[in-house]
Amino acid sequence: MKDVLAAWRIPFAIHYRQIPLISKVFSGLLLACLLSPALALAQAADTPRDAALTSAPATGEENTVVTSSGLLKTIRSQVKQSAVLQDRYNRIVRNPISPPDTRSPRATLGSFLLIMDETNRLWLDTRDRYLASNDLQLNPEELENVAKVSALIDKASETLDLSDIPASSREKTSIELVLQLQEILDRIYLPELVEIPGVGVGAVRTKEQATTQAKWTIPGTSLTIAQQTEGPRQGEYLFTAASVDRIPNDYVTLAGLPIIADNTEDTYLYYIYTPGNLIPPQWYELILDGPDWLMWPFAGQTVWQWIGLVLLVVVLLAAMTVYVRWNARRAVPLGLARRQLRSIVPPLLLLLSVKLAEYICNQQFNITGSVMFFVSTLGSLVFWATSAWLTYQVLQLIYICTVHNQSLSQTSLDASLLQTGFRALSFGVSILVLGYGATQIGIPIYGVIAGLGVGGLAIALAAQPTLENFIGGLILYADGIVRVGEFCSFDDLAGTVEEIGIRSTRIRALDQTLITVANADLSKRKIINYSKRGAFMFRHRVRLRYDTPSETLKTITADVHRYLAAHERVREKPLRVRLVEYGEFSIVIDIYANISAGSMDQYVAVQEELLYEIRAVIEANGAGFAIPSSTVYLAQDGGVAAGT
């Protein structure tokens with residue numbers, strides 16, 4: 001009947017694992033087909049089930065096997081015989097930062113068993129004391145014990161090769177693997193300590209133990225401890241990556257079998273089905289006192305964990321929706337720095353939301369298994385993508401605060417070039433942050449970069465217009481054709497350059513409309529840059545009345561020339577004030593000079609001043625401006641003689 005009882009445990013073991021529902025149904029049907037022969041076999045033979053893993057062989061002394069508890073007793077008995085071993089044992093078990101002994105397969109397996117034995121003792125004692133106290137919070141001693149348990153589990157995970165597990169989920173996954181490996185070892189028979197190759201835990205290596213085989217497999221299993229041949233832990237003996245990958249499946253196989261070691265509780269099942277960080281909080285009692293279906297396992301989690309996870313997602317989505325709608329209704333700040341500062345808030349809030357969800361899932365709901373892997377991977381993806389977004393926005397804010405700072409010279413650097421450089425820098429740093437995040441998730445970013453070489457040609461062809469515009473912008477910068485703030489004309493366009501971007505240039509026309517021209521197109525046009533003029537031309541024609549005497553004309557031209565020559569803004573050459581024409585209704589005096597001015601506004605102000613003074617000179621000499629007019633001569637016709 002032991003075979004029957006063992007068979008009945010298999011559905012629960014399958015149910016505890018995170019496997020698809022179809023696989024569970026298939027396993028149940030398969031069990032039903034096999035159950036009848038098992039009953040017949042159990043009734044026909046009154047002998048225990050002969051299993052390589054769970055039954056001790058009854059052969060000679062060389063094949064003597066023990067349980068994990070028996071192996072621990074042997075190790076402790078050796079430790080008590082030597083003060084040196086006792087000291088090394090205490091360092092391994094009680095010193096949180098002391099690494100496990102991984103000098104040989106025997107040392108690695110022994111370190112794992114010793115560390116996990118101390119872990120279970122401290123963990124379960126702390127849990128029982130806390131739940132018996134009915135306190136809402138852990139006291140300082142209990143918090144210290146929880147920290148020690150976490151450190152011991154981390155130390156036990158150092159005996160495993162976790163290189164194939166993504167960094168984003170390695171912390172939680174390593175806890176599950178360690179607990180599953182412990183439950184596997186508690187359900188199988190292990191060889192005697194002397195049959196495990198290598199030096200023992202904390203022991204001094206002897207000449208006989210100087211050479212140790214490269215790997216060793218626990219008899220009857222696929223769990224292999226092998227020497228690392230490369231990487232930062234080269235030379236250490238660890239459970240191989242392939243063995244680590246098999247641990248969950250091996251646990252499923254053995255979960256329905258009885259624990260043959262001294263331990264009576266499946267700590268892995270307790271860990272995955274209880275909230276909190278190792279120790280369940282007091283509110284867990286409310287779930288235990290609730291309906292039984294809250295504790296039903298489903299897809300690797302209990303029902304209450306699924307409910308909590310769904311509620312968490314709904315609350316976060318609702319909060320983000322409310323914020324987006326509220327932010328859309330707010331007035332846009334007038335200042336550029338304030339607008340950029342507001343753009344930092346969304347990624348910052350998203351980062352806080354991801355961290356809050358991660359804390360609730362890990363520290364409160366204790367989501368585990370494949371669901372934990374999916375949640376942690378998705379959370380890491382959102383976290384690093386948002387971090388890249390936040391990095392770009394922060395660098396843009398730094399640009400705005402530095403370039404637009406009034407204490408800095410606005411003409412020392414080309415603002416547009418500096419803005420483009422900051423954008424390129426921000427984009428590059430964001431890509432680096434995103435690439436680092438990809439490595440944390442487990443994406444081989446270097447392989448992706450290498451693969452870009454294959455598709456580089458296609459990308460270059462697709463991005464040809466963008467590259468052409470980018471190169472056109474570089475030509476504008478390199479030649480110094482235009483700069484931000486300069487007034488230019490481009491064929492049929494004219495206006496002030498507001499921004500020269502990576503792809504296009506923005507021009508503010510005289511009617512205040514915004515014109516956007518691609519850099520490649522702009523670099524091919526005929527550009528007249530009025531802002532680069534060395535001086536502004538001052539040329540006007542003054543028309544005086546025909547009744548103005550010649551001496552007065554000479555005096556006016558001489559006085560105007562003298563005044564212009566003495567003005568500080570009028571250049572010495574060229575400077576002309578001459579009588580050039582007798583027009584239809586006026587005498588024309590041509591005034592030509594160059595005015596030094598830094599901008600159009602300054603030139604217009606100087607021109608206004610000169611025109612006022614020229615009028616004053618004309619009026620002071622008794623002359624006046626001619627007004628377009630015409631003279632009509634009237635005559636009387638004598639008519640036709642009478643009688644003709």
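The values are calculated or read from the model by the stated rules, or taken from the named source; none is laboratory data. This is a predicted model, so every value here is computed, not measured. Every residue, glycine as well, gets a Cβ built from its backbone with ideal geometry; the counts of neighbours run over all protein chains shown. The protein model used for the area step is the full one, side chains on, heavy atoms only, and it has no ligands, DNA or RNA in it. Shrake-Rupley method; radii C 1.70, N 1.55, O 1.52, S 1.80 Å.
For chymotrypsin sites (Phe, Trp or Tyr not before Pro), the sites in region 493-574 that DSSP calls loop and that have at most 12 other Cβ atoms within 10 Å are Y546.
Restricting region 546-596 to GluC sites (Glu not before Pro) that sit in a DSSP loop and have at most 12 other Cβ atoms within 10 Å of their own Cβ leaves E568, E584. Accessible surface calculations at 1.4 Å, restricted to protein heavy atoms, place region 536-621 at 61 Å² per residue.
Let me know the charge dipole size of region 218-356 about its Cα centre in debye, to the nearest 20, where only the beta-carbon of Lys, Arg (+1) and Asp, Glu (-1) is charged.
Working: 9 positive and 10 negative charges, 339 e Å.
Result for region 218-356 is approximately 1620 debye, rounded to the nearest 20.
Charged neighbours of Q137, selected by a Cβ distance under 14 Å, balance to -3 (K, R count +1; D, E count -1).
The residues of region 252-305 present an accessible area of 43 Å² per residue when probed at 1.4 Å with all protein chains retained.
Give me the net charge of E468's neighbourhood, meaning all other residues with Cβ under 15 Å from the Cβ of E468; Lys, Arg count +1, Asp, Glu -1. Let's see the in-between values first.
On the way: positive: R503, K524, R525; negative: D521.
So the environment of E468 carries a net charge of +2.
Normalised by residue count, region 68-279 yields a Cα convex hull volume of 134 Å³ per residue. Note down the net charge around L349, summing +1 for each Lys or Arg and -1 for each Asp or Glu among other residues with Cβ under 13 Å from its Cβ. Local net charge: +2. Per-residue surface analysis assigns S630 an accessible area of about 100 Å², computed on protein heavy atoms at 1.4 Å probe radius. When nucleic acids and ligands are ignored and a 1.4 Å probe is applied, T217 ends up with an accessible area of around 60 Å². Across region 171-310, the fraction of Cα-Cα pairs farther apart than 17 Å, rounded to a whole number, is 70%.
Taking the mean number of other Cβ atoms within 10 Å as a proxy for protection, how do you rank 89-99, 172-182 from highest to lowest?
On the way: 89-99: 14.2, 172-182: 22.6.
Going by the mean number of other Cβ atoms within 10 Å, highest first, we get 172-182, 89-99.
In terms of accessible area, using a 1.4 Å probe and ignoring ligands and nucleic acids, Y612, Y284, Y633, Y392 rank largest first as Y633, Y612, Y392, Y284.
Qualifying trypsin sites (Lys or Arg not before Pro) in region 276-346, where qualification requires a DSSP coil assignment and no more than 15 other C-beta atoms within 10 Å, comprise R330. Taking all Cα-Cα distances within region 536-621, those exceeding 23 Å account for 21%.
Partner aspartates and glutamates whose Cα lies under 17 Å from the Cα of K355, excluding those fewer than 8 positions away in the same chain, are identified as E171. Estimated at the nearest 10 Å², the accessible area of F298 is 110 Å² with a 1.4 Å probe.
Across W304, W384, W283, the residue with the most accessible area heads the list, and the full order at a 1.4 Å probe is W283, W384, W304.
Using a 1.4 angstrom probe on the protein heavy atoms only, could you order I165, I307 from most to least accessible area? Let's see the in-between values first.
Details: I165 25, I307 70 Å².
Correct descending sequence by accessible area is I307, I165.
Report, in listed order, any pair from K80/K172; K148/K215; K73/K215 with a Cα-Cα distance greater than 28 Å. Those over the limit are K80/K172; K148/K215.
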